[in-house]
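J.: Got a structure here, written out as structure tokens. Questions coming.
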Amino acid sequence: MNKRSNAADKAIRRRRRSKTLRVLAVEQPPDYEISENELDELDPYITDTELADWYKDFQRRQGASSQELFEEDGIFMSVILGDMQHKIYEGIYEATKDNPLFAIEAFVVAHHLNLYPPRWVLEWLYDAFAKYLASPNEEDLAKLLKAKRGKGKTPIKKESRKLQIETIAMNQILALNFRGIAIEKAAAIVEEQLTARGIEVQSADVLAERFTKRGWGAIARSLKQAINENSDQKSKSDV
């Protein structure tokens, strides 16, 4: 399952130099028999330092107009976007606070990539399952999962569709920003591309403002901070 042995070796070496780090995601164990030697080589943890190194490599490959897509790209992007889904679920868009569709999407994407679901998704499941088991009567599990709403409330899918176009635009701006393109310029590119496809979208100015104010820009900033901290640690270790 794990094709990241080289990345694992690098991650282990980084951890020996690093005093502290944060585990962002964990790969699921193999579902087949494996030798002890192979098991020793597996490194299931995705950390903030590893994510920072991937981000630098991703930028380098994008700058060279590389069309090669590594397995790590999908895994690490899912970690980043899973964090974004958490922010949406927590209410950066007031209308979609507690909309479980974002938790469901994060669960499906993580499992598809052989990752454990993010902790906040497991907390969402735990809360509903614990209440279901503790209830004296058979409560509606869909309602406990917040997937079913009362009369007069917007259904979760209809609510999420309102954000679908904007979310697509934000993802594209994020991808361009990864390549080193400024947010304002990336927003203008995305507006032009979507408009050319006949998709009605907010102006570039509005997109850039929402990218910054609604949490998307924070992801890029946290990555850059992690990169700087990782570089500082490496510099000190080389002295």
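J.: So the label point goes 7 Å from the Cα of ALA142 along Cα→C-beta, right? Which residues of region 85-105 then have their backbone N under 19 Å from it?
T.: The answer is 98-105, whose backbone nitrogens lie closer than 19 Å to the label point.
J.: Output the pairs from LYS56/LYS157; LYS87/LYS153; LYS87/LYS148 with a Cα-Cα distance over 32 Å in this structure; if there are none, say none.
T.: Violating the 32 Å Cα-Cα cut-off are LYS56/LYS157.
J.: Computing the accessible area with a 1.4 Å probe over protein heavy atoms, can you report the carbon and sulfur percentage for region 53-183?
T.: Reported share for carbon and sulfur atoms: 56 percent.
J.: Lys and Arg at +1, Asp and Glu at -1: add these up for the other residues within a Cβ distance under 13 Å of LEU81 and post the number.
T.: Overall, the nearby charge balance is -2.
J.: Here's another thing I want to ask about it. Could you give the accessible area per residue of region 76-160, probe 1.4 Å, as a whole number in Å²?
T.: The answer is 61 Å² per residue.
J.: Provide the solvent-accessible area of GLU41, counting protein heavy atoms only and rolling a 1.4 Å probe, rounded to the nearest 10 Å².
T.: 110
J.: Around ALA188, what is the net charge, scoring Lys/Arg as +1 and Asp/Glu as -1 over all other residues with Cβ under 15 Å from its Cβ?
T.: Once all neighbours under 15 Å are counted, the net charge is -2.
J.: Dipole of region 80-195 (Lys/Arg Cβ +1, Asp/Glu Cβ -1, origin at the Cα centre): which of ALA175, HIS112, ALA130 lies farthest to the positive side?
T.: ALA130
The values are calculated or read from the model by the stated rules, or taken from the named source; none is laboratory data. Fair warning: this is a prediction, and the values are worked out from it, not measured in the lab. Don't worry about glycine lacking a Cβ; one is built from the backbone with ideal geometry, like all the others, and counts go over all protein chains shown. SASA here: full protein model, heavy atoms, side chains in, ligands and nucleic acids out. Shrake-Rupley method; radii C 1.70, N 1.55, O 1.52, S 1.80 Å.
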